[in-house]
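K.L.:
Attaching a single structure in structure tokens format; questions to follow.
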Amino acid sequence: MIVDINKADSTQLDGIKGIGGTFALRIIKYRERLGGFYKKEQLLEVYGLDSGKYAEIKDQIEISNTPLKTININTATFNDLKRNPYLSFKQINAIIQYRKQHGNYANPSDLKKIIILNQQVIDKITPYISF
């Protein structure tokens, strides 16, 4: 049985060989914080889920094309952005301050103008932001 990690509840996740109740709850909590998974490898970011555990479960899971929860970067408050695990306190402040000084962002490449956001961070947050 293949489980969709964007739609599964804790019981369905618990049914994956190698995932117990604790990991099931951690996966759900992280999924909610992110706004959904866009690739299986994001499970490696779940606390305690290492590459060995990932190798054990990766063939038992799938990701549907369920829309991710996005946040409008031009209207988002600090608290809205704080939910995203890829952004630090300083990066969130920089995003908001830059927007206040220079106006709205038009696309992800506008984020490159913020010195403390590297391409890796921009790539990670892009699926979760809208303009």
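The values are calculated or read from the model by the stated rules, or taken from the named source; none is laboratory data. As the structure is a computational prediction, the values presented were derived from the model and not from experiment. All Cβ positions, even for glycine, are placed from backbone atoms using ideal geometry, and neighbour counts span all protein chains on display. Remember, those area values only see protein heavy atoms, side chains included, never the ligands or the DNA or RNA. Shrake-Rupley method; radii C 1.70, N 1.55, O 1.52, S 1.80 Å.
K.L.:
Expressed as an acute angle from 0 to 90° and rounded to the nearest 10, what is the orientation of the C-alpha long axis of helix 21-34 relative to the principal long axis of the chain?
P.N.:
Taking Cα atoms only, the helix is inclined about 20 degrees.
K.L.:
Per residue of segment 117-131, in order, report the coupling 6.51 cos²θ - 1.76 cosθ + 1.60 (Karplus, θ = phi - 60°) as ³J(HN,Hα) in whole Hz, putting x for Gly and Pro.
P.N.:
So the J values, rounded to whole Hz, are 9, 8, 4, 4, 5, 4, 4, 5, 8, 3, x, 9, 10, 10, 10.
K.L.:
Counting only heavy atoms of protein chains, what accessible area per residue, in Å², does the chain have with a probe of 1.4 Å? Intermediate results must be reported in sequence, preceding the final value.
P.N.:
Values: 7460 Å² over 131 residues.
Using a 1.4 Å probe on heavy atoms only, each residue of the chain averages 57 Å².
K.L.:
Please determine, in degrees from 0 to 90 and to the nearest 10, the orientation of helix 89-102 with respect to the longest principal axis defined by the Cα atoms of the chain, where the helix direction is its Cα long axis.
P.N.:
Its long axis makes an angle of about 40 degrees.
K.L.:
Grab the beta carbon distance between Y54 and N79, set R0 = 41 Å, and tell me the FRET efficiency rounded to 0.05.
P.N.:
Numbers: r = 31 Å, r/R0 = 0.76.
Step by step, r from the Cβ atoms, then E = 0.85.
K.L.:
Still on this structure, I have one more. Go through segment 78-87 residue by residue and turn each phi into a ³J(HN,Hα) via Karplus (6.51, -1.76, 1.60, θ = phi - 60°); whole Hz please, and just put x for glycine and proline.
P.N.:
So the J values, rounded to whole Hz, are 4, 5, 4, 6, 4, 5, 6, x, 8, 10.
K.L.:
Find out how many positive minus negative residues lie around V3, taking Lys and Arg as positive, Asp and Glu as negative, among other residues whose Cβ is under 12 Å from that of V3. Numbers along the way, then the final one.
P.N.:
Working: positive: K7, K17, K40, K58; negative: D4, D9, D14, D59, E62.
Summing Lys and Arg as +1 and Asp and Glu as -1 gives -1.
K.L.:
Tally up the carbon and sulfur contribution to the accessible surface of segment 1-75 as a whole percent, 1.4 Å probe, everything protein left in place.
P.N.:
Values: 2160 of 4230 Å².
The nonpolar share, carbon plus sulfur, comes to 51 percent.
K.L.:
Using 23 Å as the Cα-Cα cut-off, could you pick out the over-long pairs in K29/K112; K29/K100; K90/K124; K58/K112; K58/K90?
P.N.:
Working: K29/K112 30 Å; K29/K100 32 Å; K90/K124 17 Å; K58/K112 33 Å; K58/K90 34 Å.
From K29/K112; K29/K100; K90/K124; K58/K112; K58/K90, over 23 Å: K29/K112; K29/K100; K58/K112; K58/K90.
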